[in-house]
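The structure appears right after this line, and notes come after that.
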Amino acid sequence: MMQGWGAGWWLVGAVFMVFCMVMMVRMMGMGHSGHRGDSGHTASDEPERTLANRLAKGEIDVEEYERLLEALRRTDSSRTPSSAQT
């Protein structure tokens, strides 16, 4: 028969093991579906980020970036009133 602190440690180990398994399953689930939380970016930020990435990669120059960014913002502002009505 075990006496002292040794008798209850199997329960602590079992709880910790279950906790670790639950955390691993949650992390693997997030890896398949991407980031689920609110990143603070709206849908209109996505094209601007893509454009900024193209500039950073050197695919377009600064003048082209500014021209396309202005076109994106004009398009986005023209859609805002109609989307508010629906």
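Okay, here's what the table says:
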{"read-out": "Looking only at the stretch 1-48, and only at residues there that are within 30 Å of residue 66 (Cα to Cα) and surrounded by 10 or more Cβ atoms within 10 Å (Cβ to Cβ), the one that is modelled with the lowest pLDDT", "value": "41"}
{"read-out": "Residues satisfying the stated conditions in the stretch 49-86, i.e. modelled with pLDDT under 90 and of a type in the set (Gly, Ala, Ser)", "value": "77, 78, 82, 83, 84"}
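The values are calculated or read from the model by the stated rules, or taken from the named source; none is laboratory data. This is a predicted model, so every value here is computed, not measured. Note: ideal-geometry Cβ built from the backbone for every residue, glycine included; neighbour counts use all protein chains shown.
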